[in-house]
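Chemist: This is the structure I have questions about; it appears just below.
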Amino acid sequence: MQRTQQPIVTGTSVLGIKFDGGVMVAADTLGSYGSLARFRDLRRVRQAGEYTLLGGSGDYMDFEAMLEYVDELLLEDTTLDAPPSYTPRELHQYLARIYYNKRSEFDPLWNQLVVGGVRDGDVFLGYVDLQGTHYEDETVATGYGSYIARPLLREAYRDDLTEAEARKVLEDAMRVLFYRDARTINRIQIGVATEAGGIDISEPFELETDWTVGIRKH
Amino acid sequence: MFRTMFDSDVTTFSPMGRLHQIEYAQEAVKQGGATLGLRSDEHVVIAGLLRQTKKLSGHQPKLFVIDDHMAVSIAGLTADARLLIKYMRTECLNNKYVFDSPLQVATLVADLADKAQSHTQDYSSRPYGVGLLVAGYDKSGPHLFETSPSGSAYDFRAQAIGARSQSARTYLERHYETFADASLEELITHALTALRETAGDTELTAENASIMIVGKDTPAHELAADDIAARLAALGGGAAAEDDAANDDDEGTNENPNA
Amino acid sequence: MSSIGTGYDLSSTTYSPDGRVFQVEYASKAVDNSGTAVGIRVSDGVVFGVEKLLISPMLLHGSNRRVSTIGRHIGVASSGLVADARALINRGNQEANAWKSTYGEEISVKVLTERLASFAQVYTLYGGVRPFGCALLLGSWTEAAGPQLYMIQPSGEAYGYFGVAVGKGKAACKTDIEKLDLESMTCEEAVVEIAKMIHSVHDSDKDKEYELELSWVCRASGGRHQLVPAELRDSALAIATAESSDDDSSSDDD
């Protein structure tokens, strides 16, 4: 049987960072077909249940399949008296098990995921990938971003980072990625999870860019 | 009088729409040694009256730890209970593996009930002959459930099942409204007092009384024998059958395989 | 009962000489002996009410619900053997999941009813199994199809209804429902009517205490099945209780 050997339509970097009281996740909306910028409006920052943000890079169809798995899980957990009770931390572990299981069947879901959310005062941010590798950290970045953006996020991170500061850090890092990663567009979404406000994912918006640095002056 | 025609297997309804095989399985629970449970807003206590099946044997255990956050007590066929306990422990371990968190008590109880139901609709199996009191503490707080061979499960503030449990239930019904705010110490005292109601002529001792506790910041654990002895001493005065009239069951025979 | 002792009523694989399958009828008795469940279909949704008989005062309020949900959009009220109902509802959730992953949209209550009815019917065909001892009321509301209400019986029969009642008090409830103008009624009004019905059929002398469960799936709930908000439930209960004490004093009860 032929199993998944490569991703087809792909999304590039997803970034995540914690701030005081919440987490924030960013990704652009491009779906690349190889090097072709094929789809311009693929939403890769999503909500799972009431409390969790999921960002995914890699194969877009696998990302959607994963969202369905999570939705089915949450459906089982729905009762008339209480909303689904799975925490972001639990969903992170669940996804890690699914991804490790799939890779052990030599049929991986070709993604790198960022999982973030807040529940009962527990601010969580974590990473899962197609091999089942998973960890929790104050900052997370996938794909190209793990080389270029992650050091920037680490440098900027503080315990008492405000939401506004976190947003600036992510926008700056996304801008750097747009300059250096050939699989991006400057149209991004930012998702925020806080205890009080639940989940809020922005509509796509354009980053301001400045190319003057590249213009040779005589 | 037609009962015997309709009671020989679990796939036959009686003309009244009853399933006698399930009711007989529930009878096995009633014959089992008494066990009870009660909960406050922070803790759950379960207690059981242990039986000695043979003179030279020890007392049969009735209370079992499932996981750090869960324990059960059983009434009915011990062997069936062991199977269910193994299932519950496995499910808790699986949840730990998949979600890195303790399994929600209500979820496990629902699965357990579904498992019991599947044994009531198929000619090739019999219903489980055991009732459980499931005590647990999870992110939605403390819980005390009863499961039965019929596949139903109930969410209680306090409950007693097994032989002579009616007298314990009478005691619990009189006091349950005070349990929500009760301290752990008070819960244990109530548990022992109620358990004594089920003991009949037998004196409640540290050997035949067993108690488990689980709750907020309190992993499931058994109360030590000398702890029980001390509390029994503090309660004073041996067997106290307050209202024998309420007792609805005979004492189990010594050779009874039920716990 | 003429069926008893003839030997034609011990298995659902046996017909009686007059063409009846008694085991299926006996399974229906399990439903007739159970607490009443009512569902009515009004202009803007479907409302369910269940008389949940309480086996002990020490039970937690709001536990062991007899109303539940399939998917997020189909409300189910059950009557009969609770464990059997749950088994059927679990099957319903599997069907709903399978439909959604195949077609990417929610299963309709009509299709779900047909599938569950077929599933239940199979349990009336063979010797190794017994029929389900429960009836399910299923309801939904969508913008396109409006309110929909169905009922599945132990026999595997299923029909659509404007209003339906099962369990001990079904006869009286049916009479009450027939008096209502369902077309023009709203869910909020229906909640009160159901509370009154169930309160009046509850036999407080013969039966244990009961808890009234009320749920709806309607325009206001966005097509999701939800418990009726606590305030509305309490006020409906208050009206029902007040009216029945009036009845008692004037004793014009039927």
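The values are calculated or read from the model by the stated rules, or taken from the named source; none is laboratory data. These figures come from a predicted structure and were not determined experimentally. As a convention, Cβ positions derive from the backbone with ideal geometry for all residues, glycine included, and neighbour counts pool all protein chains shown.
Chemist: Would you check if there is a residue in the range A:58-71 being outside any helix (DSSP H, G or I), in contact (Cβ under 8 Å) with a residue 60 or more places away in the chain, touching a strand residue (DSSP E or B) at 6+ places or on another chain (Cβ under 6 Å) and surrounded by 19 or more Cβ atoms within 10 Å (Cβ to Cβ)?
Modeler: Yes, because at least one residue in the range A:58-71 is outside any helix (DSSP H, G or I), in contact (Cβ under 8 Å) with a residue 60 or more places away in the chain, touching a strand residue (DSSP E or B) at 6+ places or on another chain (Cβ under 6 Å) and surrounded by 19 or more Cβ atoms within 10 Å (Cβ to Cβ).
Chemist: Considering only residues that are surrounded by fewer than 21 Cβ atoms within 10 Å (Cβ to Cβ) and either of a type in the set (Lys, Arg) or under 15 Å from the mean Cα position of the chain (by Cα) (or both), which ones fall in the range C:173-195?
Modeler: C:174, C:179 - these are the residues of the range C:173-195 that are surrounded by fewer than 21 Cβ atoms within 10 Å (Cβ to Cβ) and either of a type in the set (Lys, Arg) or under 15 Å from the mean Cα position of the chain (by Cα) (or both).
Chemist: Still on this model: Name the residue that is surrounded by the most Cβ atoms within 10 Å (Cβ to Cβ), counting only residues in the range B:159-210 that are basic (Lys, Arg) and over 21 Å from residue B:53 (Cα atoms).
Modeler: B:169
Chemist: Would you point out the residue of the range C:91-129, among those that are within 14 Å of chain B (Cβ to nearest Cβ) and assigned to a loop (DSSP other than H, G, I, E, B), that is nearest to residue A:73 (Cα to Cα)?
Modeler: C:123
Chemist: Specify the residue that is farthest from residue B:214 (Cα to Cα); the eligible residues are those in the range B:116-156 that are aromatic (Phe, Trp, Tyr) and at the interface with another protein chain (Cβ under 10 Å from one of its Cβ atoms).
Modeler: Per the stated criteria, the residue is B:123.
Chemist: Let me ask something else about it. Could you check the range A:179-205 and list, in sequence order, the residues that are at pLDDT below 95 and among the hydrophobic types (A, V, I, L, M, F, W, C)?
Modeler: The answer is A:196, and nothing else.
Residue-by-condition table, conditions (1) crowded, with 17+ Cβ neighbours inside 10 Å; (2) among the aliphatic types (A, V, I, L, M); (3) in a loop (DSSP other than H, G, I, E, B):
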residue	(1), (2), (3)
B:103	yes, yes, yes
B:111	no, no, no
B:116	yes, yes, no
B:125	no, no, yes
B:131	yes, no, no
B:135	yes, yes, no
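Chemist: Could you check the range B:3-100 for helices (runs of 4 or more DSSP H) lying wholly inside it with 3 or more residues that are over 12 Å from the mean Cα position of the chain (by Cα) and within 30 Å of residue C:6 (Cβ to Cβ)?
Modeler: B:3-6, B:20-31
Chemist: Touching a residue at least 40 places away in the same chain (Cβ under 8 Å), away from chain B (no Cβ under 12 Å), part of a loop (DSSP other than H, G, I, E, B) and in contact with a Phe, Trp or Tyr (Cβ under 6 Å, 6 or more places away or on another chain) - does that describe any residue in the range A:135-145?
Modeler: Checking the range A:135-145: at least one residue is touching a residue at least 40 places away in the same chain (Cβ under 8 Å), away from chain B (no Cβ under 12 Å), part of a loop (DSSP other than H, G, I, E, B) and in contact with a Phe, Trp or Tyr (Cβ under 6 Å, 6 or more places away or on another chain).
Chemist: How many residues does the range B:1-47 hold that are more than 30 Å from residue B:122 (Cα to Cα), within 11 Å of chain C (Cβ to nearest Cβ) and either free of Cβ contacts under 8 Å to residues at least 40 places away in the same chain or not hydrophobic (A, V, I, L, M, F, W, C) (or both)?
Modeler: Number satisfying all stated conditions: 2.
Chemist: Hey, another quick one. Based on this model, can you work out whether residue B:109 counts as β-branched (Val, Ile, Thr), within 14 Å of chain C (Cβ to nearest Cβ) and more than 25 Å from residue B:11 (Cα to Cα)?
Modeler: no
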